[in-house]
Amino acid sequence: MSDNNDKLYGAVELARDLGITPRALRFYETKGLITPQRSGKWRIYTHRDRARVQIVMRGKRLGFSLAEIREYLELYDADPTQTDQLQNLYARVADRIEDLERQREALEFTLDELRSIQGQTLNALTERGAEAPSGISEQYGEVDPTPGIDAPKRHSN
């Protein structure tokens, strides 16, 4: 029985298996992230290439740059113990977590501010006897504006 590590893939087959396009494989090749074998004009991908593409895809999904992913892959090749690779990965992941935590705080602040504006707007509409856009009051209920921020005032001419 053949070991799955010995399996070879064509570009279309590997791309289909991984849910990407053959063009993406060529792009990763131009960036030095994978180095497929050649058989005439055909690219032949090994189990190692497949694993590297999966690492690239995961790294991208987690927000790492291609340069950071390439550095990680280069460490994998250079250090058989993978100690340098693991230390590098740990530091990069810690940095990424910090970045995402900052983004989450900023996003939560923005959402709070938008909800406040939405509540002020709903209250202003109610004061004017106007109906709220459909689905708003059912979805959010009565929303109190943030203290100290007044609802928009209607200017009379």
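The values are calculated or read from the model by the stated rules, or taken from the named source; none is laboratory data. This structure is a prediction, so every number in the text was calculated from the model and none was measured. Backbone-built Cβ (ideal geometry, glycine too); neighbour counts: all protein chains shown. We work out accessible area using only protein heavy atoms, side chains counted, and drop any ligands, DNA or RNA first. Shrake-Rupley method; radii C 1.70, N 1.55, O 1.52, S 1.80 Å.
Has the range 22-30 got at least one residue that is more than 26 Å from the chain's Cα centre (by Cα), over 22 Å from residue 85 (Cβ atoms) and surrounded by 15 or more Cβ atoms within 10 Å (Cβ to Cβ)? No, the range 22-30 contains no residue that is more than 26 Å from the chain's Cα centre (by Cα), over 22 Å from residue 85 (Cβ atoms) and surrounded by 15 or more Cβ atoms within 10 Å (Cβ to Cβ).
Residue 39 passes every criterion in (1) of a type outside the set (A, V, I, L, M, F, W, C); (2) without any contact (Cβ under 8 Å) to a residue 24 or more places away in the chain; (3) farther than 29 Å from residue 99 by Cα; (4) open to solvent by 70 Å² or more (accessible area, probe 1.4 Å) apart from (4). When you check residue 69 against the structure, is it open to solvent by less than 70 Å² (accessible area, probe 1.4 Å) and in contact with a Gly (Cβ under 6 Å, 6 or more places away or on another chain), yes or no? For residue 69, the condition - open to solvent by less than 70 Å² (accessible area, probe 1.4 Å) and in contact with a Gly (Cβ under 6 Å, 6 or more places away or on another chain) - is met.
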